[in-house]
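Heads up, the thing below is written out as structure tokens.
Read-outs throughout are calculated quantities, based only on the coordinates presented, and are distinct from any laboratory measurement. Just so it is clear, the structure is predicted and the values come from calculations on it, not from any experiment. Heads up, the Cβs are rebuilt from the backbone with ideal geometry, glycines too, and the neighbour counts pull from every protein chain shown.
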Amino acid sequence: MTPDTIPTVAPGSQRAALPTMKGSWSADLLSGFLVFLIALPLCLAISLASGYPPIAGVYTAIIGGILTTFLSNSELTIKGPAAGLIVIALGAFMEFGGVIGGAPSDAVRLANQNAYHLALGVGVAAGLIQLAFGMLKLGDIIGDFFPRAAVHGMLASIGVIIAVKQIHIALGVQGLKGGPFTQMAAIPNTLFQAFNPEIALIGGVSLLILFGLPMIRNRYVRRIPAPMLVLLVSVLLGLAFNLHESHNYRLGERAYVIGPEYEVNLPDSLFAGIAFPDFRALTDPSLALIGWKYVLMFALVGSLESLLSAKAIDLIDPWRRKTSLNRDLTAVGLANVASAFVGGLPMISEIVRSRANIDNGARTRLANLFHALFLLVCVATIPSVLNHIPLAALAAMLVYTGYRLASPREFAHAYMVGKEQLVIFLTTLVTTLATDLLIGIAAGVAMEFVIHAINGAPIGGMLKPLITVESRDERTSVVTVEQAAVFTNWLWLKNTLDKVSSDRDVVVDLSATRLVDHTVMEKLHELESEYEHAGRKLSVVGLDDHRPMSKHPQAARKKAAAQVR
């Protein structure tokens, strides 16, 4: 789920008294438990999809919940592994020589183990870079620089990659190799020829629950955590099919093999799964190019996703508390270092679990801590029960997650904001599918830059706008922007607005601009809400001579050629 899909709360709602940890522990305990029910299967699923052992994602959520609760001031976000980083984690694992779904030979096990430890070394380095980002106060810069259409295109591409890979596993086809386009091309064969009927039944029922439960309008049914219901039903089906023992079965004229390779495999104890990083990927010349590429991906994409999630959750916090993005990024970076040192996945502020946290009545950071403690107790006490979870059920959850990231609604939203936004969105998506995330996001940024130049924005003005600040009266300051107000120079405008005294209203005059893009329009809209909650007023004027590029209220605005002359 992206920030644009989350509704905001009406200004001033429920702001009477800020909740305290001491007075809110019971509400946070309940919410932490309900979020734990959602987090457990997702942690296992994300780990397996990343090429890591299933326990890795649980380590991540436990460490994230315990450490960041005391280091960050983000009150309602839940920290843990995220589907958005699967593509990077799996890419690192595969490029370091990992083998997904290979025969259980000693050579395969050794290749997977080596790749896993090398990926952990990359995770430590990426966490240290995130820690540096936070300490150098770069959180706001990272969160505000990238254009929204490119970010949404990146997330949609991640969703496509996850869904097209996991659909095969949900239907009982393991070990299928190849990139996203190869995986797409293989779907018809999996659907009609290669599927394993009993495993496909588990995956199909899981998908039916995940897609069908939200459609039921009964408020009591809607409170049932769909991932936990999937686990209960799928475990019962797995027991009925005797997945825990290897055997053959026949359906019609075909024979199928089934066994524990289709179930989760957790260590006997919480400490037995601990693994330590191998830093050769950062120092060995034969591996360093791959290693540092993935360090950069983890640090940038992970930071961007985490910051956007934290900002989105602030918008729906009933008390409108504001997260210090730099402090939160520092906390996430430190927790990522700790997680990678014991065998965990990278973590972010995860949007779906954070939204569930709010919906379940959480009030403070204690909910994040409680969800981590419930995970700790569960995995430490009943690993043998968790080993009966079918992989097909976890794969179905990721297919559903991938669909939500790349749903038709995301394409429609981009088109409604403006045709040029759809072009940027599709450029990022297709380039990412064909190459990787870094090249994809760079292609999206470059495309938006080209479109702005075609629409008349001067090159110099796109990099650094001409901004003047004047006092209209004793209460109001006027900030005038010339040439262009676009994503590449938003930070200049934002810094100027931040320097205006906190007791003054602000008028942003855009009459002298040739182009105002969607990213700036959206961010100014967000600032209007922030100012209102702070008892101030921000007004945007000077757009009467600009033509909106669509009917969307936050569409880009372009001044007519005659007006420019």
- [ ] Return a whole-number percent for the relative contact order of the chain, with Cα pairs under 8 Å and 6 or more residues apart as the contact set.
- [x] 26 percent
Open item on the list: Checking the a/c ratio against 1.5 first, then a/b against b/c, what shape does the Cα gyration tensor give for region 201-277?
Closed with: oblate
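Taking Rh as the Kirkwood radius computed over C-alpha pairs, what is the Stokes-Einstein D of region 119-165 at 25 °C in a medium of viscosity 0.890 mPa s, expressed in µm² per second?
Numbers: Rh = 12.8 Å.
My calculation gives 192 µm²/s for D.
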Task: the chain - mean residue ellipticity at 222 nm from DSSP helices (-39,500 (n - 2.57) per run, n ≥ 4, rounded to 500) - done: -19000 deg cm²/dmol
Open item on the list: Using square roots of five times the C-alpha gyration tensor eigenvalues, list the equivalent-ellipsoid semi-axes of region 18-175 in whole Å, biggest first.
Closed with: 30, 21, 17
Task: VAL385 paired with LEU466, simple spin-label distance in nm, labels 7 Å along Cα-to-beta-carbon - done: 7.0 nm
Task: Summed side-chain charge close to SER550 - residues other than SER550 whose Cβ falls under 12 Å, Lys, Arg +1, Asp, Glu -1 - done: +4
Open item on the list: If R₀ is 22 angstrom, what is the calculated FRET efficiency for the pair LEU110 and HIS244, using the beta carbon separation as r and rounding to 0.05?
Closed with: 0.25
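Which of the pairs LYS311/LYS419; LYS494/LYS523; LYS464/LYS494 have their Cα atoms more than 18 Å apart in this structure?
Correct reply: LYS311/LYS419.
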Open item on the list: What distance in nm separates the two pseudo spin-label positions at THR20 and ALA255, each 7 Å out from Cα along the beta-carbon direction?
Closed with: 7.1 nm
- [ ] Report the extension gain between TYR415 and ARG219 in nm, rounded to one decimal, defined as 0.36 nm multiplied by the number of residues separating them, less their alpha carbon distance.
- [x] 67.3 nm
Task: D (Stokes-Einstein, µm²/s), Kirkwood Cα radius, region 459-564, 1.306 mPa s at 10 °C - done: 114 µm²/s
Task: Whole-angstrom gap from region 103-171 to region 233-264, using each part's C-alpha centre - done: 32 Å
Task: Rg in Å to one decimal, and Dmax rounded to a whole Å, for region 408-454 via C-alpha atoms - done: 10.6, 29
Task: Reciprocal of mean inverse Cα separation for region 401-504 (Kirkwood radius, Å) - done: 16.1 Å
Task: For ARG217, ARG320, ARG409, order by how many other beta-carbon atoms lie within 10 Å, fewest first - done: ARG217, ARG409, ARG320
Task: Whole-percent pair-distance distribution, where bins are 20 Å wide, for the alpha carbons of the chain - done: 21, 53, 23, 3, 0
- [ ] State the dimensionless ratio Rg/Rh of region 143-286 (Rg: radius of gyration of Cα atoms; Rh: Kirkwood radius).
- [x] 1.05
Open item on the list: If I model a spin label at TRP492 and ARG547 as a point 7 Å from the Cα along the Cα→Cβ vector, what separation in nanometres do I get?
Closed with: 2.6 nm
Task: Neighbour net charge for VAL35 - beta-carbon separation under 15 angstrom, K R +1, D E -1 - done: +2
- [ ] Using 0.36 nm per residue of separation minus the Cα-Cα distance, give me the extension gain between ILE459 and LYS137 in nm, one decimal.
- [x] 113.2 nm
Task: Rounded to 5, percent antiparallel among DSSP beta bridges of region 441-565 - done: 45 percent
- [ ] Please work out the C-alpha center-to-center distance from region 414-477 to region 279-333 and express it in whole Å.
- [x] 22 Å
- [ ] Using a Förster distance of 56 angstrom, determine the FRET efficiency expected from the C-beta separation of THR476 and LEU229, and round it to 0.05.
- [x] 0.55
